[in-house]
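Step one of this worksheet: look at the structure below.
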Amino acid sequence: MDELLHHDAIIRERIVGKSVRAIAQDHGCSIAEVNKALDLFAVATINARVRSHALALELSRLDELQSVFYERAKAGDVASGMLLTKIMERSPETRQCTAPEGRSTSTRSRPAIHP
């Protein structure tokens, strides 16, 4: 139980931006031990299900923003048009994260370039 509390303290300190070296010095442990705590935290909190949830939420947020800025851009708001363009660029990149490895979601092929 003590080790778990120790790991929690390390994680909290790292989250607020404290360096690994400083954490190791403050806790009287090695950098490798701090990294081990961070690795265990990552394995416990990042998995396929969490990634899917995060991706779905991000895509929903992008869709909502796109609809808001689209209407404003149509009304002539240049700044909204610029933000809309950024959102539209980001959305395909995010959606491509779901493509099977080694496959692209793009259906457009690039022409061969000959010197």
With Rh as the Kirkwood radius over Cα pairs, region 33-99 has Rg/Rh of 1.22
Measuring from its Cα centre, region 48-96 shows a charge dipole (+1 at each Lys and Arg Cβ, -1 at each Asp and Glu Cβ) which, in debye to the nearest 20, is 180 debye
On the formula 1/(1 + (r/R0)^6), with r taken between the Cβ atoms of Leu59 and Asp2 and R0 of 35 Å, the FRET efficiency rounded to 0.05 is 0.25
In debye to the nearest 20, the charge dipole size for region 2-45, taken about the Cα centre with +1 at each Lys and Arg Cβ and -1 at each Asp and Glu Cβ, equals 220 debye
Quick calc: nm separation of the 7 Å Cα→Cβ label points for Leu38 and Ala79 -> 3.7 nm
For the Gln96, Arg12 Cβ pair and Förster radius 30 Å, calculated FRET efficiency rounded to 0.05 is 0.30
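Read the figures in this text as sums done on the coordinates, not as results from a lab. If you're wondering where the values come from, they're calculated on a predicted model, not measured in any experiment. All Cβ positions, even for glycine, are placed from backbone atoms using ideal geometry, and neighbour counts span all protein chains on display.
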